[in-house]
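Step one of this worksheet: look at the structure below.
The values are calculated or read from the model by the stated rules, or taken from the named source; none is laboratory data. Just so it is clear, the structure is predicted and the values come from calculations on it, not from any experiment. Here the Cβ positions follow ideal geometry from the backbone for every residue, glycine too, while neighbour counts run over all protein chains shown. Accessible surface areas use protein heavy atoms only, side chains included; no ligands, DNA or RNA. Shrake-Rupley method; radii C 1.70, N 1.55, O 1.52, S 1.80 Å.
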Amino acid sequence: MLTLAPVHDADSEPLPVTAGCLLDFPDDPIVCMRRLQRQHGSIAALEQDGQRLHFVFSPELNHQILTNTAVYHSRFFAVRGPRQSAQRRLTSGLLSANGADHKRQRRMVMEAFLKKAIHGYLPMIRDLTEEMLQSWQIGQTRDLSRDMTDFMLRLTSSLLFGMDNPELAYRIGRMIDQWVQLNHELGISVFVSSPEMTLRYEELLHFAGELETEIAGMIAQQRQSGAGEQNLLSMILQGHDEQGSLSPDELVGQAALIFGAAHLTTAHTLTWALFLLAQHPETLTAVQHELRYHLDGRFPTLDAVEPLKQMEAAIKESMRVLPASAYSQRMTVEPTQLGPLHLPRGSAVVFSQFMTHHLPDLYPQPERYLPERWSGISPSPYAYLPFGAGPRMCLGAPLAMAILKTVIPTILQRFQLSVVPGTDVTAKVISTMLSPVGPLWMDIRAPGSIAASQPVTGNIATLVDLPGQARPLRRAA
Ligand code: HEM
(Lines give C-alpha, C1' and ligand atoms only; values in the text may rest on other atoms or scores of the structure.)
Protein backbone atom coordinates (compact mmCIF):
# COMPACT_ATOMS: atom_id res chain seq x y z
CA MET A 1 0.00 0.00 0.00
CA LEU A 2 1.15 3.55 -0.61
CA THR A 3 1.78 5.63 2.49
CA LEU A 4 1.62 9.36 2.70
CA ALA A 5 4.99 10.07 4.28
CA PRO A 6 6.24 13.25 2.54
CA VAL A 7 9.84 13.33 1.33
CA HIS A 8 11.83 16.57 1.50
CA ASP A 9 14.85 17.86 -0.39
CA ALA A 10 17.92 19.45 1.21
CA ASP A 11 16.09 22.82 1.61
CA SER A 12 13.19 21.03 3.28
CA GLU A 13 10.87 21.69 0.33
CA PRO A 14 8.42 18.78 0.07
CA LEU A 15 9.17 16.77 -3.04
CA PRO A 16 6.52 14.96 -5.12
CA VAL A 17 7.68 11.65 -3.66
CA THR A 18 5.57 9.03 -1.93
CA ALA A 19 7.20 6.46 0.31
CA GLY A 20 5.63 3.07 -0.30
CA CYS A 21 6.02 -0.31 -1.88
CA LEU A 22 7.53 -0.39 -5.39
CA LEU A 23 5.65 -3.60 -6.14
CA ASP A 24 2.39 -1.62 -6.01
CA PHE A 25 3.25 -0.42 -9.50
CA PRO A 26 3.53 -3.76 -11.35
CA ASP A 27 0.68 -5.06 -9.20
CA ASP A 28 -1.82 -2.55 -10.61
CA PRO A 29 -0.16 0.23 -12.65
CA ILE A 30 -3.32 2.28 -13.20
CA VAL A 31 -4.43 2.31 -9.55
CA CYS A 32 -0.87 3.19 -8.48
CA MET A 33 -0.44 5.98 -11.06
CA ARG A 34 -3.87 7.47 -10.29
CA ARG A 35 -3.00 7.70 -6.62
CA LEU A 36 0.36 9.32 -7.31
CA GLN A 37 -1.20 11.78 -9.71
CA ARG A 38 -3.93 12.74 -7.21
CA GLN A 39 -1.25 13.31 -4.58
CA HIS A 40 1.36 15.15 -6.64
CA GLY A 41 0.03 16.23 -10.05
CA SER A 42 1.98 15.81 -13.27
CA ILE A 43 5.27 14.52 -11.83
CA ALA A 44 5.73 11.99 -9.02
CA ALA A 45 8.03 9.34 -7.63
CA LEU A 46 7.42 6.22 -5.59
CA GLU A 47 10.23 5.42 -3.17
CA GLN A 48 11.19 2.31 -1.23
CA ASP A 49 14.48 1.73 0.59
CA GLY A 50 16.16 4.58 -1.28
CA GLN A 51 15.08 3.24 -4.68
CA ARG A 52 12.75 5.46 -6.74
CA LEU A 53 10.45 4.90 -9.67
CA HIS A 54 9.54 8.20 -11.41
CA PHE A 55 6.33 9.06 -13.27
CA VAL A 56 5.34 11.83 -15.66
CA PHE A 57 1.75 12.45 -16.74
CA SER A 58 1.57 15.73 -18.71
CA PRO A 59 2.20 16.36 -22.46
CA GLU A 60 5.05 18.78 -21.62
CA LEU A 61 6.88 16.18 -19.53
CA ASN A 62 6.14 13.42 -22.10
CA HIS A 63 7.80 15.69 -24.65
CA GLN A 64 10.85 16.15 -22.44
CA ILE A 65 11.30 12.42 -21.83
CA LEU A 66 10.58 11.28 -25.37
CA THR A 67 12.69 13.80 -27.26
CA ASN A 68 15.79 13.87 -25.07
CA THR A 69 17.04 10.52 -26.32
CA ALA A 70 20.63 11.25 -25.25
CA VAL A 71 19.58 11.10 -21.59
CA TYR A 72 16.46 8.90 -21.58
CA HIS A 73 17.19 5.52 -23.12
CA SER A 74 14.75 2.77 -23.98
CA ARG A 75 15.49 -0.43 -22.11
CA PHE A 76 12.50 -2.48 -23.14
CA PHE A 77 13.90 -5.80 -21.97
CA ALA A 78 15.17 -5.80 -18.41
CA VAL A 79 16.72 -9.27 -18.81
CA ARG A 80 19.42 -9.11 -21.53
CA GLY A 81 21.13 -12.45 -20.78
CA PRO A 82 24.90 -13.10 -20.93
CA ARG A 83 26.96 -11.73 -23.86
CA GLN A 84 26.89 -14.07 -26.88
CA SER A 85 23.65 -15.68 -25.61
CA ALA A 86 20.50 -16.18 -27.66
CA GLN A 87 18.64 -14.01 -25.12
CA ARG A 88 21.11 -11.15 -25.73
CA ARG A 89 20.71 -11.44 -29.51
CA LEU A 90 16.91 -11.70 -29.35
CA THR A 91 16.68 -8.55 -27.21
CA SER A 92 19.03 -6.54 -29.42
CA GLY A 93 16.40 -5.27 -31.86
CA LEU A 94 14.91 -1.81 -32.24
CA LEU A 95 13.09 -1.61 -28.91
CA SER A 96 16.37 -1.92 -26.97
CA ALA A 97 18.66 0.00 -29.34
CA ASN A 98 19.57 3.62 -28.60
CA GLY A 99 21.45 6.52 -30.18
CA ALA A 100 23.10 6.04 -33.58
CA ASP A 101 22.44 2.29 -33.46
CA HIS A 102 18.71 2.89 -33.04
CA LYS A 103 18.64 5.36 -35.96
CA ARG A 104 20.52 2.89 -38.14
CA GLN A 105 18.25 -0.05 -37.30
CA ARG A 106 15.15 2.06 -37.92
CA ARG A 107 16.42 3.13 -41.34
CA MET A 108 17.09 -0.50 -42.26
CA VAL A 109 13.60 -1.79 -41.49
CA MET A 110 11.68 1.39 -42.43
CA GLU A 111 10.82 0.33 -45.96
CA ALA A 112 8.76 -2.62 -44.74
CA PHE A 113 6.42 -0.17 -42.96
CA LEU A 114 5.86 2.43 -45.68
CA LYS A 115 2.48 2.97 -47.35
CA LYS A 116 3.64 1.24 -50.53
CA ALA A 117 4.48 -1.91 -48.56
CA ILE A 118 1.19 -1.79 -46.63
CA HIS A 119 -0.77 -1.91 -49.91
CA GLY A 120 1.04 -5.19 -50.58
CA TYR A 121 -0.06 -6.67 -47.22
CA LEU A 122 -3.76 -5.91 -47.77
CA PRO A 123 -4.64 -9.14 -49.64
CA MET A 124 -3.24 -11.12 -46.70
CA ILE A 125 -5.27 -9.04 -44.20
CA ARG A 126 -8.39 -9.54 -46.34
CA ASP A 127 -7.92 -13.31 -46.75
CA LEU A 128 -7.34 -13.93 -43.06
CA THR A 129 -10.30 -11.71 -42.09
CA GLU A 130 -12.48 -13.73 -44.46
CA GLU A 131 -11.14 -16.98 -43.02
CA MET A 132 -11.95 -15.84 -39.48
CA LEU A 133 -15.44 -14.63 -40.35
CA GLN A 134 -16.32 -17.85 -42.15
CA SER A 135 -16.32 -19.57 -38.77
CA TRP A 136 -18.63 -16.94 -37.21
CA GLN A 137 -22.35 -17.73 -37.33
CA ILE A 138 -25.40 -15.74 -36.41
CA GLY A 139 -26.78 -17.00 -33.08
CA GLN A 140 -23.35 -17.93 -31.68
CA THR A 141 -21.84 -16.54 -28.51
CA ARG A 142 -18.14 -15.86 -29.05
CA ASP A 143 -15.22 -14.72 -26.94
CA LEU A 144 -14.23 -11.57 -28.84
CA SER A 145 -10.91 -11.20 -27.06
CA ARG A 146 -9.90 -14.75 -27.95
CA ASP A 147 -11.01 -14.31 -31.56
CA MET A 148 -9.02 -11.08 -31.97
CA THR A 149 -5.93 -12.59 -30.31
CA ASP A 150 -6.06 -15.71 -32.52
CA PHE A 151 -6.69 -13.59 -35.60
CA MET A 152 -3.71 -11.36 -34.85
CA LEU A 153 -1.52 -14.39 -34.14
CA ARG A 154 -2.31 -15.72 -37.61
CA LEU A 155 -2.03 -12.31 -39.25
CA THR A 156 1.22 -11.24 -37.55
CA SER A 157 2.84 -14.62 -38.25
CA SER A 158 1.82 -14.42 -41.90
CA LEU A 159 2.76 -10.74 -42.28
CA LEU A 160 6.16 -11.39 -40.81
CA PHE A 161 7.03 -14.80 -42.17
CA GLY A 162 4.74 -15.23 -45.19
CA MET A 163 1.95 -17.66 -45.94
CA ASP A 164 4.11 -20.39 -47.51
CA ASN A 165 4.26 -22.43 -44.34
CA PRO A 166 1.46 -21.16 -42.10
CA GLU A 167 1.74 -23.89 -39.44
CA LEU A 168 5.44 -23.13 -38.89
CA ALA A 169 4.75 -19.38 -38.87
CA TYR A 170 2.03 -19.80 -36.20
CA ARG A 171 4.26 -22.06 -34.14
CA ILE A 172 7.02 -19.45 -34.11
CA GLY A 173 4.42 -16.77 -33.38
CA ARG A 174 3.17 -18.65 -30.34
CA MET A 175 6.76 -19.17 -29.16
CA ILE A 176 7.52 -15.45 -29.45
CA ASP A 177 4.39 -14.65 -27.43
CA GLN A 178 5.48 -17.05 -24.72
CA TRP A 179 8.99 -15.58 -24.75
CA VAL A 180 7.70 -11.99 -24.46
CA GLN A 181 5.48 -13.06 -21.55
CA LEU A 182 8.40 -14.76 -19.78
CA ASN A 183 10.51 -11.63 -20.25
CA HIS A 184 7.89 -9.44 -18.64
CA GLU A 185 7.38 -11.79 -15.73
CA LEU A 186 11.12 -11.81 -15.16
CA GLY A 187 11.36 -8.05 -15.66
CA ILE A 188 9.57 -7.82 -12.31
CA SER A 189 12.66 -9.41 -10.74
CA VAL A 190 14.14 -5.90 -11.01
CA PHE A 191 11.87 -5.31 -7.99
CA VAL A 192 12.16 -8.65 -6.20
CA SER A 193 14.77 -11.41 -6.09
CA SER A 194 13.86 -14.98 -5.17
CA PRO A 195 15.06 -18.54 -5.88
CA GLU A 196 11.98 -19.02 -8.04
CA MET A 197 13.08 -16.11 -10.24
CA THR A 198 16.55 -17.69 -10.68
CA LEU A 199 14.93 -20.89 -11.96
CA ARG A 200 12.75 -18.94 -14.33
CA TYR A 201 15.81 -17.06 -15.58
CA GLU A 202 17.36 -20.40 -16.60
CA GLU A 203 14.09 -21.34 -18.26
CA LEU A 204 14.11 -18.07 -20.20
CA LEU A 205 17.69 -18.55 -21.45
CA HIS A 206 16.86 -22.09 -22.59
CA PHE A 207 13.66 -21.02 -24.31
CA ALA A 208 15.47 -18.11 -26.05
CA GLY A 209 17.89 -20.68 -27.55
CA GLU A 210 15.03 -22.73 -29.01
CA LEU A 211 13.28 -19.66 -30.35
CA GLU A 212 16.41 -18.30 -31.99
CA THR A 213 16.96 -21.60 -33.82
CA GLU A 214 13.38 -21.52 -35.18
CA ILE A 215 13.56 -17.91 -36.34
CA ALA A 216 17.02 -18.39 -37.89
CA GLY A 217 15.62 -21.40 -39.82
CA MET A 218 12.73 -19.30 -41.10
CA ILE A 219 15.11 -16.52 -42.20
CA ALA A 220 17.32 -19.04 -44.03
CA GLN A 221 14.20 -20.31 -45.87
CA GLN A 222 13.23 -16.77 -46.89
CA ARG A 223 16.75 -16.08 -48.17
CA GLN A 224 16.64 -19.23 -50.28
CA SER A 225 13.22 -18.57 -51.74
CA GLY A 226 14.34 -15.05 -52.84
CA ALA A 227 11.88 -12.18 -53.40
CA GLY A 228 8.69 -14.27 -53.80
CA GLU A 229 5.67 -13.25 -51.81
CA GLN A 230 5.63 -9.89 -50.06
CA ASN A 231 6.03 -10.11 -46.29
CA LEU A 232 7.71 -8.00 -43.63
CA LEU A 233 10.70 -10.29 -43.27
CA SER A 234 11.41 -10.42 -47.01
CA MET A 235 11.19 -6.60 -47.11
CA ILE A 236 13.55 -6.31 -44.13
CA LEU A 237 15.94 -8.78 -45.75
CA GLN A 238 16.13 -6.43 -48.73
CA GLY A 239 16.60 -3.36 -46.51
CA HIS A 240 20.04 -1.75 -46.35
CA ASP A 241 21.71 1.65 -46.27
CA GLU A 242 25.09 3.01 -47.26
CA GLN A 243 26.64 1.13 -44.32
CA GLY A 244 25.31 -2.24 -45.45
CA SER A 245 22.43 -4.40 -44.26
CA LEU A 246 21.38 -5.96 -40.96
CA SER A 247 23.54 -8.83 -39.74
CA PRO A 248 21.92 -12.31 -39.36
CA ASP A 249 21.94 -11.86 -35.54
CA GLU A 250 20.24 -8.48 -35.85
CA LEU A 251 17.61 -9.94 -38.16
CA VAL A 252 16.64 -12.56 -35.58
CA GLY A 253 16.26 -9.82 -32.95
CA GLN A 254 14.18 -7.60 -35.24
CA ALA A 255 11.83 -10.45 -36.17
CA ALA A 256 11.17 -11.36 -32.52
CA LEU A 257 10.65 -7.74 -31.47
CA ILE A 258 8.43 -6.78 -34.36
CA PHE A 259 6.21 -9.78 -33.72
CA GLY A 260 6.07 -9.01 -29.99
CA ALA A 261 5.30 -5.34 -30.63
CA ALA A 262 2.57 -6.03 -33.18
CA HIS A 263 0.53 -8.99 -32.04
CA LEU A 264 -1.18 -8.26 -28.73
CA THR A 265 -1.22 -4.46 -29.06
CA THR A 266 -3.33 -4.72 -32.21
CA ALA A 267 -5.47 -7.59 -30.86
CA HIS A 268 -6.39 -5.62 -27.71
CA THR A 269 -7.06 -2.46 -29.75
CA LEU A 270 -9.46 -4.39 -32.00
CA THR A 271 -11.18 -5.90 -28.95
CA TRP A 272 -11.60 -2.59 -27.09
CA ALA A 273 -12.79 -0.76 -30.21
CA LEU A 274 -15.49 -3.37 -30.96
CA PHE A 275 -16.50 -3.65 -27.30
CA LEU A 276 -16.92 0.14 -26.95
CA LEU A 277 -18.90 0.33 -30.18
CA ALA A 278 -21.20 -2.49 -29.03
CA GLN A 279 -21.79 -0.63 -25.75
CA HIS A 280 -22.56 2.70 -27.50
CA PRO A 281 -25.44 1.86 -29.85
CA GLU A 282 -25.86 5.39 -31.23
CA THR A 283 -22.25 5.54 -32.37
CA LEU A 284 -22.45 1.97 -33.69
CA THR A 285 -25.56 2.75 -35.72
CA ALA A 286 -23.96 5.91 -37.18
CA VAL A 287 -20.80 3.97 -38.11
CA GLN A 288 -22.80 1.16 -39.72
CA HIS A 289 -24.83 3.68 -41.70
CA GLU A 290 -21.58 5.21 -42.96
CA LEU A 291 -20.23 1.77 -43.91
CA ARG A 292 -23.39 0.89 -45.84
CA TYR A 293 -23.19 4.17 -47.73
CA HIS A 294 -19.49 4.00 -48.65
CA LEU A 295 -18.56 0.31 -48.77
CA ASP A 296 -21.63 -1.66 -49.69
CA GLY A 297 -20.47 -4.87 -48.00
CA ARG A 298 -16.94 -4.94 -49.45
CA PHE A 299 -13.59 -5.41 -47.74
CA PRO A 300 -12.27 -1.86 -48.12
CA THR A 301 -9.13 -0.63 -49.85
CA LEU A 302 -7.07 2.04 -48.10
CA ASP A 303 -8.59 4.68 -50.39
CA ALA A 304 -12.11 3.45 -49.59
CA VAL A 305 -11.63 3.98 -45.83
CA GLU A 306 -10.62 7.63 -46.29
CA PRO A 307 -14.19 9.01 -46.16
CA LEU A 308 -15.14 6.90 -43.09
CA LYS A 309 -14.87 9.78 -40.61
CA GLN A 310 -17.26 8.40 -37.97
CA MET A 311 -15.38 5.14 -37.86
CA GLU A 312 -12.04 6.89 -37.68
CA ALA A 313 -13.28 8.98 -34.73
CA ALA A 314 -14.61 5.83 -33.00
CA ILE A 315 -11.20 4.12 -33.34
CA LYS A 316 -9.32 7.24 -32.19
CA GLU A 317 -11.57 7.59 -29.17
CA SER A 318 -11.26 3.95 -28.13
CA MET A 319 -7.45 4.24 -28.37
CA ARG A 320 -7.69 7.33 -26.17
CA VAL A 321 -9.90 5.94 -23.47
CA LEU A 322 -8.56 2.35 -23.41
CA PRO A 323 -5.08 2.54 -25.01
CA ALA A 324 -3.61 -0.93 -25.58
CA SER A 325 -0.18 0.41 -24.66
CA ALA A 326 -0.91 1.81 -21.19
CA TYR A 327 2.61 2.96 -20.33
CA SER A 328 6.26 2.66 -21.32
CA GLN A 329 9.45 3.48 -19.53
CA ARG A 330 12.86 5.01 -20.05
CA MET A 331 16.14 4.76 -18.15
CA THR A 332 18.46 7.73 -17.58
CA VAL A 333 22.03 7.16 -18.75
CA GLU A 334 23.40 10.25 -17.00
CA PRO A 335 22.33 12.33 -14.00
CA THR A 336 19.63 14.84 -14.87
CA GLN A 337 17.04 17.20 -13.39
CA LEU A 338 13.38 16.47 -14.05
CA GLY A 339 11.19 19.25 -12.63
CA PRO A 340 11.97 19.37 -8.89
CA LEU A 341 13.51 15.89 -8.91
CA HIS A 342 17.17 15.05 -9.26
CA LEU A 343 17.54 11.78 -11.19
CA PRO A 344 20.81 9.89 -10.80
CA ARG A 345 22.11 7.77 -13.69
CA GLY A 346 20.06 4.56 -14.01
CA SER A 347 16.73 6.06 -12.87
CA ALA A 348 13.54 4.58 -14.31
CA VAL A 349 10.93 7.05 -15.63
CA VAL A 350 7.45 5.92 -16.63
CA PHE A 351 5.24 7.85 -19.05
CA SER A 352 1.69 6.72 -19.50
CA GLN A 353 -0.66 6.96 -22.44
CA PHE A 354 -3.53 6.00 -20.17
CA MET A 355 -2.87 8.78 -17.66
CA THR A 356 -2.26 11.54 -20.24
CA HIS A 357 -5.33 10.48 -22.24
CA HIS A 358 -7.46 10.87 -19.11
CA LEU A 359 -6.41 14.44 -18.21
CA PRO A 360 -9.64 16.48 -17.96
CA ASP A 361 -7.93 19.71 -19.16
CA LEU A 362 -7.10 17.99 -22.44
CA TYR A 363 -10.18 15.79 -22.73
CA PRO A 364 -13.25 17.08 -20.82
CA GLN A 365 -15.18 14.22 -19.20
CA PRO A 366 -12.18 11.97 -19.89
CA GLU A 367 -13.87 8.72 -18.82
CA ARG A 368 -16.67 9.17 -21.37
CA TYR A 369 -16.40 7.55 -24.77
CA LEU A 370 -17.25 10.49 -27.04
CA PRO A 371 -16.02 9.96 -30.63
CA GLU A 372 -17.66 13.28 -31.57
CA ARG A 373 -15.04 15.14 -29.51
CA TRP A 374 -12.55 14.51 -32.35
CA SER A 375 -14.34 16.90 -34.71
CA GLY A 376 -13.30 19.80 -32.44
CA ILE A 377 -9.85 18.88 -31.15
CA SER A 378 -6.38 18.30 -32.52
CA PRO A 379 -4.15 17.42 -29.58
CA SER A 380 -0.36 17.56 -29.81
CA PRO A 381 1.55 14.28 -30.44
CA TYR A 382 2.54 14.30 -26.75
CA ALA A 383 -1.05 14.73 -25.55
CA TYR A 384 -2.46 11.90 -27.69
CA LEU A 385 0.10 9.14 -28.04
CA PRO A 386 -1.42 5.66 -28.42
CA PHE A 387 1.58 4.79 -30.59
CA GLY A 388 4.11 6.70 -28.51
CA ALA A 389 5.72 9.88 -29.89
CA GLY A 390 9.04 11.32 -31.01
CA PRO A 391 11.98 9.48 -32.57
CA ARG A 392 10.83 6.09 -31.30
CA MET A 393 7.18 6.37 -32.23
CA CYS A 394 5.67 3.04 -33.25
CA LEU A 395 7.01 2.03 -36.65
CA GLY A 396 3.99 -0.18 -37.22
CA ALA A 397 1.39 2.57 -36.59
CA PRO A 398 0.34 2.96 -40.27
CA LEU A 399 0.10 -0.83 -40.61
CA ALA A 400 -1.88 -1.13 -37.36
CA MET A 401 -4.25 1.62 -38.53
CA ALA A 402 -4.67 -0.16 -41.88
CA ILE A 403 -5.63 -3.35 -40.02
CA LEU A 404 -8.06 -1.55 -37.71
CA LYS A 405 -9.68 0.44 -40.52
CA THR A 406 -10.23 -2.58 -42.75
CA VAL A 407 -11.01 -5.37 -40.27
CA ILE A 408 -13.49 -3.44 -38.08
CA PRO A 409 -15.70 -2.35 -41.05
CA THR A 410 -15.63 -5.87 -42.48
CA ILE A 411 -16.87 -7.34 -39.17
CA LEU A 412 -19.49 -4.64 -38.66
CA GLN A 413 -20.91 -5.07 -42.16
CA ARG A 414 -21.48 -8.80 -41.62
CA PHE A 415 -22.61 -8.96 -37.99
CA GLN A 416 -24.15 -7.03 -35.15
CA LEU A 417 -22.11 -7.58 -31.98
CA SER A 418 -23.86 -7.37 -28.64
CA VAL A 419 -22.17 -7.94 -25.28
CA VAL A 420 -23.69 -10.87 -23.36
CA PRO A 421 -25.47 -9.30 -20.35
CA GLY A 422 -23.57 -9.79 -17.09
CA THR A 423 -20.19 -10.51 -18.77
CA ASP A 424 -17.27 -9.87 -16.43
CA VAL A 425 -15.21 -7.24 -18.27
CA THR A 426 -12.06 -6.84 -16.25
CA ALA A 427 -9.10 -4.96 -17.67
CA LYS A 428 -5.58 -5.35 -16.35
CA VAL A 429 -2.25 -3.94 -17.44
CA ILE A 430 -0.19 -7.01 -18.35
CA SER A 431 3.30 -6.51 -19.79
CA THR A 432 2.55 -2.74 -20.22
CA MET A 433 -0.61 -3.57 -22.23
CA LEU A 434 -4.16 -2.83 -21.13
CA SER A 435 -5.65 -6.25 -21.71
CA PRO A 436 -9.06 -7.79 -21.18
CA VAL A 437 -8.72 -10.50 -18.54
CA GLY A 438 -10.80 -13.56 -19.36
CA PRO A 439 -13.36 -14.04 -22.10
CA LEU A 440 -15.27 -11.07 -23.50
CA TRP A 441 -18.54 -12.75 -24.50
CA MET A 442 -20.42 -11.34 -27.49
CA ASP A 443 -23.68 -12.45 -29.08
CA ILE A 444 -23.29 -12.61 -32.84
CA ARG A 445 -26.46 -11.24 -34.43
CA ALA A 446 -27.70 -10.52 -37.92
CA PRO A 447 -26.70 -7.14 -39.35
CA GLY A 448 -29.46 -4.62 -38.78
CA SER A 449 -30.51 -6.17 -35.43
CA ILE A 450 -31.29 -3.62 -32.78
CA ALA A 451 -28.12 -2.45 -31.05
CA ALA A 452 -28.26 -2.04 -27.27
CA SER A 453 -25.71 -1.57 -24.49
CA GLN A 454 -25.72 -4.32 -21.88
CA PRO A 455 -24.94 -4.38 -18.15
CA VAL A 456 -21.51 -5.83 -17.44
CA THR A 457 -19.54 -6.57 -14.29
CA GLY A 458 -15.79 -6.37 -13.59
CA ASN A 459 -13.60 -3.30 -13.20
CA ILE A 460 -14.18 -1.82 -16.67
CA ALA A 461 -16.48 0.88 -15.25
CA THR A 462 -13.53 2.24 -13.22
CA LEU A 463 -11.79 3.03 -16.52
CA VAL A 464 -14.58 4.15 -18.83
CA ASP A 465 -18.18 5.28 -18.30
CA LEU A 466 -20.63 2.87 -19.90
CA PRO A 467 -24.23 3.81 -20.66
CA GLY A 468 -26.68 2.54 -18.07
CA GLN A 469 -23.87 1.46 -15.75
CA ALA A 470 -23.53 2.87 -12.25
CA ARG A 471 -20.42 5.11 -11.99
CA PRO A 472 -18.04 3.62 -9.46
CA LEU A 473 -16.06 5.77 -7.07
CA ARG A 474 -12.79 6.04 -9.02
CA ARG A 475 -11.06 7.36 -5.91
CA ALA A 476 -11.47 3.92 -4.37
CA ALA A 477 -10.36 2.10 -7.53
C1 HEM B 1 -2.66 -0.82 -32.24
C2 HEM B 1 -1.51 -1.45 -32.30
C3 HEM B 1 -0.19 -0.91 -31.75
C4 HEM B 1 0.03 -0.10 -30.68
C5 HEM B 1 -0.99 0.48 -29.70
C6 HEM B 1 1.47 0.12 -30.62
C7 HEM B 1 2.10 0.91 -29.67
C8 HEM B 1 3.45 1.19 -29.69
C9 HEM B 1 4.09 2.13 -28.79
C10 HEM B 1 3.39 2.92 -27.70
C11 HEM B 1 5.41 2.16 -29.11
C12 HEM B 1 6.47 3.05 -28.48
C13 HEM B 1 6.99 2.46 -27.19
C14 HEM B 1 7.95 3.40 -26.50
O15 HEM B 1 8.11 4.55 -26.86
O16 HEM B 1 8.55 2.92 -25.52
C17 HEM B 1 5.63 1.21 -30.20
C18 HEM B 1 6.84 0.93 -30.78
C19 HEM B 1 7.02 0.03 -31.79
N20 HEM B 1 6.04 -0.67 -32.46
FE21 HEM B 1 4.07 -0.56 -32.12
N22 HEM B 1 2.06 -0.58 -31.64
C23 HEM B 1 1.08 -1.21 -32.36
C24 HEM B 1 1.25 -2.00 -33.48
C25 HEM B 1 2.46 -2.29 -34.06
C26 HEM B 1 2.64 -3.11 -35.24
C27 HEM B 1 1.48 -3.71 -36.05
C28 HEM B 1 3.99 -3.22 -35.44
C29 HEM B 1 4.74 -3.95 -36.51
C30 HEM B 1 4.24 -4.76 -37.40
C31 HEM B 1 4.65 -2.44 -34.41
C32 HEM B 1 6.02 -2.29 -34.31
C33 HEM B 1 6.64 -1.44 -33.42
C34 HEM B 1 8.07 -1.23 -33.39
C35 HEM B 1 9.10 -1.90 -34.29
C36 HEM B 1 8.32 -0.31 -32.36
C37 HEM B 1 9.68 0.21 -31.90
C38 HEM B 1 10.00 1.53 -32.53
C39 HEM B 1 11.32 2.10 -32.06
O40 HEM B 1 11.74 1.84 -30.94
O41 HEM B 1 11.93 2.82 -32.85
N42 HEM B 1 3.69 -1.91 -33.59
N43 HEM B 1 4.41 0.65 -30.54
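Over the chain, DSSP H runs of length four or greater, each weighted -39,500 (n - 2.57), average out per residue to a 222 nm ellipticity of -15000 deg cm²/dmol. In sequence order, region 22-39 has phi-based couplings of 4, 5, 4, 5, x, 5, 8, x, 5, 4, 5, 5, 4, 5, 5, 5, 4, 6 Hz under the Karplus curve 6.51 cos²θ - 1.76 cosθ + 1.60, θ = phi - 60°, and Gly or Pro positions carry x.
Dividing the Cα radius of gyration by the Kirkwood radius, what Rg/Rh value follows for region 57-476? All intermediate terms of the calculation are to be shown ahead of the outcome.
On the way: Rg = 21.5 Å, Rh = 22.5 Å.
Answer for region 57-476: 0.96.
Between GLN51 and MET393, what's the calculated FRET efficiency when r is the beta-carbon distance and R0 is 25 Å? Round to 0.05. E between GLN51 and MET393, to the nearest 0.05, is 0.25. Label-to-label distance for SER135 and ASP101 is 4.1 nm, based on points extended 7 Å past Cα in the beta-carbon direction.
Rounded to the nearest 0.05, what FRET efficiency is calculated for GLN469 and GLU372 with R0 set to 25 Å and r the Cβ-Cβ distance? Please list the in-between numbers first.
Numbers: r = 20 Å, r/R0 = 0.80.
The pair GLN469/GLU372 has a calculated efficiency of 0.80.
Close amide H pairs (under 5 Å, H built 1.01 Å from N) link ASN231 with no residue at least 5 positions away or on another chain. Here the Karplus relation 6.51 cos²θ - 1.76 cosθ + 1.60, evaluated at θ = phi - 60°, turns the backbone of region 300-306 into coupling constants of x, 7, 5, 5, 5, 7, 3 Hz, with x for every Gly and Pro.
Surface composition of the chain: carbon and sulfur make up 54 percent of the accessible area, probe 1.4 Å.
Under the combined filter of DSSP loop state and at most 16 neighbouring Cβ atoms within 10 Å, region 298-339 retains these trypsin sites (Lys or Arg not before Pro): ARG298. Averaged per residue, the chain has 43 square angstrom of accessible surface, using a 1.4 angstrom probe with ligands and nucleic acids left out.
In loop segments of region 76-174 as defined by DSSP, the trypsin sites (Lys or Arg not before Pro) with at most 13 further C-beta atoms inside 10 Å of their C-beta are ARG83.
Region 64-97 and region 104-162 have Cα centres separated by 27 Å.
Backbone phi angles across region 463-469, fed through the Karplus curve with coefficients 6.51, -1.76 and 1.60 (θ = phi - 60°), yield HN-Hα couplings of 10, 8, 6, 10, x, x, 9 Hz in residue order; Gly and Pro are listed as x.
What FRET efficiency, computed as 1/(1 + (r/R0)^6) with R0 = 45 Å and r the Cβ-Cβ distance, is obtained for GLU202 and ARG345, rounded to the nearest 0.05? Intermediate results must be reported in sequence, preceding the final value.
Values: r = 30 Å, r/R0 = 0.66.
Taking R0 as 45 Å, the efficiency between GLU202 and ARG345 is 0.90.
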